[in-house]
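Remarks on the structure that follows.
The values are calculated or read from the model by the stated rules, or taken from the named source; none is laboratory data. Predicted, not measured: the structure shown is a model, and the values here were computed from it. Methodologically, a virtual Cβ is constructed for each residue, glycine included, from the backbone with ideal geometry; neighbour enumeration extends over all protein chains shown. Heads up: the accessible areas ignore ligands, DNA and RNA and are worked out on the full protein's heavy atoms, side chains in. Shrake-Rupley method; radii C 1.70, N 1.55, O 1.52, S 1.80 Å.
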Amino acid sequence: RINLPTLSEQKAIAATLSALDDMIELNNQINKTLEEMAQAIFKSWFVDFEPFKDGEFEESELGLIPKGWRVVELNDISKDIICGKTPSTKDNDNYGNKMPFITIPDMHGNVFITKTERCLSQKGINIQKNKTLPKFSVCVSCIATPGLVAITSEESQTNQQINSVICKDNISCFYVYLFLNTIKDTIITLGSGGSTTLNLNKRQFSKIKIIKCDDRTMRAFHNLVKPLFFNILDNQIENQNLSEIRDTLLPKLMSGEIRVPVEEVV
């Protein structure tokens, strides 16, 4: 036996939940457009070199680049590159609600990591303090499903399937994020190694080649795309809040604990 509201109230409940879903989907569409805009700017500046066409170019390992720019390794533009680690899952006290613990499923479809399936306790954090990533670190999945790229939105730790770049102060994390997104196929190839399980270790990952432009160009690019990325982050946080509201409302609406005024629904 179930409690069955009238058809008009069923429609009112559906309309309430659908409104939240519509807002979430709209934010997702906006974020897709914002990321495409950032990717288009990156391609224009650092693949096609359109703003620099009138200047001099020189040969490099990655082809012609503007004179004065260099091809370096990821390690050269990083304060540190950290391969994550998983605290013992046999000790439940390692997990709690103190710090996000990022795994590959948390990265799917997200520019920023704003929510994780699991979090660490203070004990879990302390076990491996040297694995803590600051906000705006760039995470890359390197084992099993290589090539996913996302940015931390707060201090976090990851498991061992993820290598993360902590950018130097004169390097834009958004530049590194967009660059690594453009070389997903390269990351997969580097991680193949003739094995059925794809695995790109920290040493190989650190040696990936990247174009390093001059500091002035890097600052200009960062300032241009920063508002796009901050809007994406705001929309992701809003979607997280909307999802929590929807999931809280659903059982209460279905049980009749909360009633929707039918007359207000068109």
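Any idea of the accessible area per residue across segment 1-71, 1.4 Å probe, to the nearest Å²?
Details: 4880 Å² over 71 residues.
I get 69 Å² per residue for this part.
Please calculate the 1.4 Å probe accessible area of residue 52, with all protein chains present, and give it to the nearest 10 Å².
It works out to around 50 Å².
Mind checking the per residue accessible area of segment 121-266 for me, 1.4 Å probe, whole number of Å²? It would help to have the intermediate numbers written out before the result.
Details: 7300 Å² over 146 residues.
Value returned for segment 121-266: 50 Å² of accessible area per residue.
Amide H of residue 102: which non-local residues (sequence gap of 5 or more, or other chain) have their own amide H closer than 5 Å, using H built in the peptide plane?
So residue 102 has HN proximity to 157, 158, 159.
Which one of 152, 119, 87 has its Cα pushed farthest toward the positive end of the charge dipole of the chain, where Lys and Arg give +1 and Asp and Glu give -1 at the Cβ?
In the chain, that residue is 87.
Roughly speaking, what is the centre-to-centre gap between segment 125-175 and segment 237-257 when only Cα atoms are used, to the nearest Å?
If we compute the Cα centre of each part, the gap is 31 Å.
Over all directions, the average projected area of the alpha-carbon convex hull for the chain comes to how many nm²? Intermediate results must be reported in sequence, preceding the final value.
Working: hull surface 78.1 nm².
Taking the Cα atoms of the chain, their convex hull projects to 19.5 nm² on average.
Got a number for carbon plus sulfur as a percent of segment 1-144's accessible area, 1.4 Å probe? Mind dumping the intermediate values first?
Numbers: 4250 of 8370 Å².
Whole-percent figure for carbon plus sulfur exposure: 51.
Give me the accessible area of residue 119, 1.4 Å probe, in Å² rounded to the nearest 10.
Here the accessible area works out near 40 Å².
Specify, per residue and in Å³, the volume enclosed by the convex hull of the alpha carbon atoms belonging to segment 54-105. Walk me through the numbers before you get to the answer.
Values: hull volume 9.3 nm³, N = 52.
Convex hull volume per residue, Cα atoms: 179 Å³.
For segment 146-266, give the magnitude of the charge dipole about the Cα centre (Cβ charges: +1 Lys/Arg, -1 Asp/Glu; no others), in debye to the nearest 20.
Roughly 880 debye, rounded to the nearest 20.
Along the charge dipole of the chain, which of 47, 130, 24 sits closest to the positive end, that is, farthest toward it, with unit charges on the beta carbon of Lys, Arg, Asp and Glu (+1, +1, -1, -1)?
130
Report the charge-dipole magnitude of the chain in Debye, nearest 20, computed about the Cα centre from +1 at each Lys and Arg Cβ and -1 at each Asp and Glu Cβ. Kindly include the intermediate steps, with their values, before the conclusion.
Working: 30 positive and 33 negative charges, 206 e Å.
Roughly 980 debye, rounded to the nearest 20.
What percentage of the solvent-accessible surface of segment 209-266, computed with a 1.4 Å probe over protein heavy atoms, is contributed by carbon and sulfur atoms? Intermediate results must be reported in sequence, preceding the final value.
Numbers: 1970 of 3620 Å².
Carbon and sulfur together cover 55 percent of it.
Cα-Cα over 29 Å: which of 129/207; 131/252; 115/212; 32/209; 90/209?
On the way: 129/207 25 Å; 131/252 41 Å; 115/212 32 Å; 32/209 27 Å; 90/209 39 Å.
Over 29 Å Cα-Cα: 131/252; 115/212; 90/209.
For segment 85-129, which semi-axes, largest first and in whole Å, follow from the square roots of 5 times the eigenvalues of its Cα gyration tensor?
On the way: eigenvalues 83, 19, 15 Å².
Whole-Å semi-axes of the equivalent ellipsoid: 20, 10, 9.
Just to confirm the number: angle between the C-alpha axis of helix 7-46 and the first principal axis of the chain, 0 to 90 degrees, nearest 10?
Result, in degrees: 10.
If Lys and Arg each add +1 and Asp and Glu each add -1, what is the summed charge of the other residues whose beta carbon sits under 15 Å from the beta carbon of residue 126?
Here the charged neighbours net out to +2.
If you take the alpha carbon radius of gyration of segment 1-111 and divide it by 2.2 N^0.38 Å, what ratio comes out, to two decimals?
On the way: Rg = 25.0 Å, N = 111, 2.2 N^0.38 = 13.2 Å.
Relative to the rule-of-thumb radius for its length, segment 1-111 sits at 1.90.
Treating the beta-carbon of each Lys and Arg as +1 and of each Asp and Glu as -1, no other charges, what is the dipole magnitude of segment 204-266 about its Cα centre, to the nearest 20 debye? Provide the component values of the computation, followed by the final result.
Values: 9 positive and 9 negative charges, 143 e Å.
About 680 debye.
Placing one identical point scatterer on every Cα of segment 123-251 and ignoring solvent, what is log10 I(q)/I(0) from the Debye formula at q = 0.16 Å⁻¹?
Log10 I(q)/I(0), no solvent term: -0.94.
Helix 215-255 against the longest principal axis of the chain: what's the angle in degrees, Cα atoms only, rounded to the nearest 10?
Approximately 20 degrees, to the nearest ten.
Less than 14 Å Cβ to Cβ from residue 183, Lys/Arg counted +1 and Asp/Glu -1: what total charge do the surrounding residues give? Could the numbers behind the result be given before it?
Working: positive: 43, 184, 207, 209; negative: 61, 73, 185.
In short, +1.
I want the local charge near residue 236. Using Cβ-Cβ distances under 15 Å, sum +1 for each Lys or Arg and -1 for each Asp or Glu among the other residues. The partial results should precede the final answer.
Working: positive: 32, 115, 135; negative: 25, 35, 106, 154, 234, 238, 244.
Every neighbour counted, the sum reads -4.
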